[in-house]
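The values are calculated or read from the model by the stated rules, or taken from the named source; none is laboratory data. On a predicted model such as this, the values are computed, not experimentally measured, just so you know. Heads up, the Cβs are rebuilt from the backbone with ideal geometry, glycines too, and the neighbour counts pull from every protein chain shown.
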């Protein structure tokens with residue numbers, strides 16, 4: 001055990017694996033099946049995603065899905081294992097970035113351990129459709145590392161890959177600006193010019209496909225003053241209750257820097273703040289912000305470095321977050337997966353035929369149709385959700401019993 005403590009990256013990686021281990025048997029959830037179905041369309045129409053924006057900005061995530069589907073078919077365990085591995089890779093990159101930017105051994109050791117188990121962004125790791133967040137974070141961290149090390153061509157290439165992992169990758173420009181403030185060293189003009197290439201491409205595609213972007217047309221995202229309230233509420237939910245516990249433990253030392261620290265935490269949340277379908281950000285959209293917050297925790301905890309209080313806090317933090325993921329969150333994700341997992345099981349008991357699904361738990365019929373591909377012999381066009389269907393097999397979802405009747 002002492003050897004693990006002396007190897008913080010190994011410890012953080014091990015804790016991350018333990019924390020998210022329960023996800024391996026959860027099965028695919030909702031949009032996972034739609035993504036898998038679209039992979040079939042992309043084989044026939046390589047530019048298919050341009051017709052369903054903003055999915056065109058998740059192209060890299062689709063490539064990852066396609067690679068895993070080729071290796072493992074519809075075995076969700078491999079997808080979860082890959083995403084957990086991606087989280088561990090992000091922890092390693094995060095620690096490396098801290099070594100350059102913060103240059104404090106305590107922060108470099110502590111923040112990745114906290115980030116490894118922090119449950120707030122769990123959806124990014126425990127839902128494979130949210131893999132675009134971990135993928136985008138992976139390329140974001142590489143971009144920032146390469147920019148700090150003055151490898152501008154690699155940084156710009158990683159930035160481009162981040163932009164086409166998820167459109168929120170545009171926030172990298174703001175993160176680079178923060179690095180510039182820390183480094184206090186002007187970069188050559190060609191370095192900034194290199195960033196303009198992927199930024200210009202991104203902007204051109206974004207604005208030319210804006211009228212077809214279903215996240216905009218259905219008003220899932222909209223400009224308005226509610227964005228400030230969303231940001232503030234999301235920030236409060238993200239820091240509760242651990243930030244307040246940390247502040248009490250350190251007797252509010254360095255509290256004057258707290259507004260600056262929280263401002264940095266809020267920066268990765270900015271692309272999402274215009275969300276309109278709920279009052280605070282979904283957990284998956286807090287992944288990068290959580291890494292920044294864990295850095296803030298480490299900075300605040302530094303006065304406790306040589307006291308027993310630090311060990312007590314770390315044990316409590318790791319124990320609570322791992323336990324919460326195992327006991328509470330894993331059950332929630334299994335419940336979210338049940339409508340499609342049980343549908344596939346129900347279809348498997350019958351020969352392929354027209355089927356009518358009633359009381360489907362998700363509002364999008366395409367999810368049920370796409371899930372049919374996982375049942376041997378079944379095709380999406382055989383599945384009707386809620387509509388009248390003469391002489392069809394009828395399957396009715398029993399939400400209480402979590403099965404179809």
Worksheet item: Does at least one position in the range 326-338 carry a residue that is over 30 Å from residue 14 (Cβ atoms) and either in the same structural domain as residue 125 (by TED's automatic domain parsing) or at pLDDT 95 or above (or both)?
Response: yes
Discussion item. Out of 247, 281, I need the residue that is buried (at least 19 other Cβ atoms within 10 Å of the Cβ), in the same structural domain as residue 136 (by TED's automatic domain parsing), touching a residue at least 40 places away in the same chain (Cβ under 8 Å) and under 18 Å from residue 120 (Cβ atoms). Which one?
Written reply: 281
Worksheet item: Restricting the search to the range 379-395, which residues are touching a strand residue (DSSP E or B) at 6+ places or on another chain (Cβ under 9 Å), free of Cβ contacts under 8 Å to residues at least 40 places away in the same chain and farther than 20 Å from residue 34 by Cβ?
Response: 388, 389, 392, 394
Worksheet entry | Subset tally (residues that are under 29 Å from residue 265 (Cβ atoms), touching a residue at least 40 places away in the same chain (Cβ under 8 Å) and part of a helix (DSSP H, G or I)) for the range 211-224 | 1
Worksheet item: So which residues in the range 339-378 are in contact (Cβ under 8 Å) with a residue 60 or more places away in the chain, under 11 Å from residue 395 (Cβ atoms) and surrounded by fewer than 22 Cβ atoms within 10 Å (Cβ to Cβ)?
Response: 342
Practice prompt. Could you check, for the range 211-229, whether at least one of its residues is in contact with a helix residue (DSSP H, G or I) (Cβ under 6 Å, 6 or more places away or on another chain) and modelled with pLDDT under 90?
Written response: yes
Item to complete: Report yes if some residue within the range 296-318 is surrounded by 15 or more Cβ atoms within 10 Å (Cβ to Cβ), over 18 Å from residue 253 (Cβ atoms) and in contact with a helix residue (DSSP H, G or I) (Cβ under 6 Å, 6 or more places away or on another chain); otherwise report no.
Response: yes
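Table: residues versus (1) surrounded by 19 or more Cβ atoms within 10 Å (Cβ to Cβ); (2) touching a residue at least 40 places away in the same chain (Cβ under 8 Å); (3) assigned to a helix (DSSP H, G or I); (4) not assigned by TED's automatic domain parsing to the domain that holds residue 20.
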position	(1), (2), (3), (4)
132	yes, yes, yes, no
135	yes, yes, yes, no
139	yes, yes, yes, no
182	no, yes, yes, no
192	no, no, yes, no
206	no, yes, yes, no
Worksheet item: Which of the residues that make up the range 351-370 are closer than 21 Å to residue 335 by Cβ and in contact with a strand residue (DSSP E or B) (Cβ under 8 Å, 6 or more places away or on another chain)?
Response: 357, 358, 359, 360, 361, 365, 368
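Residue-wise test of (1) assigned to a loop (DSSP other than H, G, I, E, B); (2) in the same structural domain as residue 11 (by TED's automatic domain parsing); (3) surrounded by fewer than 16 Cβ atoms within 10 Å (Cβ to Cβ).
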| position | (1), (2), (3) |
| --- | --- |
| 67 | no, yes, yes |
| 74 | yes, yes, no |
| 77 | no, yes, yes |
| 80 | no, yes, no |
| 87 | no, yes, no |
| 91 | no, yes, no |
| 95 | no, yes, no |
| 106 | no, yes, no |
| 115 | no, yes, no |
Discussion item. Given the condition at negative phi and within 19 Å of the chain's Cα centre (by Cα), answer yes or no: does some residue in the range 238-255 qualify?
Written reply: yes
Practice prompt. Starting from the range 250-272, keep only residues that are assigned by TED's automatic domain parsing to the domain that holds residue 292 and free of Cβ contacts under 8 Å to residues at least 40 places away in the same chain, then list their pairs with residues that are assigned to a loop (DSSP other than H, G, I, E, B) and surrounded by 12 or more Cβ atoms within 10 Å (Cβ to Cβ) whose Cβ atoms are within a distance under 8 Å, requiring at least 6 positions of separation or different chains.
Written response: 269/281
Worksheet item: Is at least one residue of the range 154-175 more than 23 Å from the chain's Cα centre (by Cα), over 27 Å from residue 297 (Cα atoms) and surrounded by fewer than 24 Cβ atoms within 10 Å (Cβ to Cβ)?
Response: yes
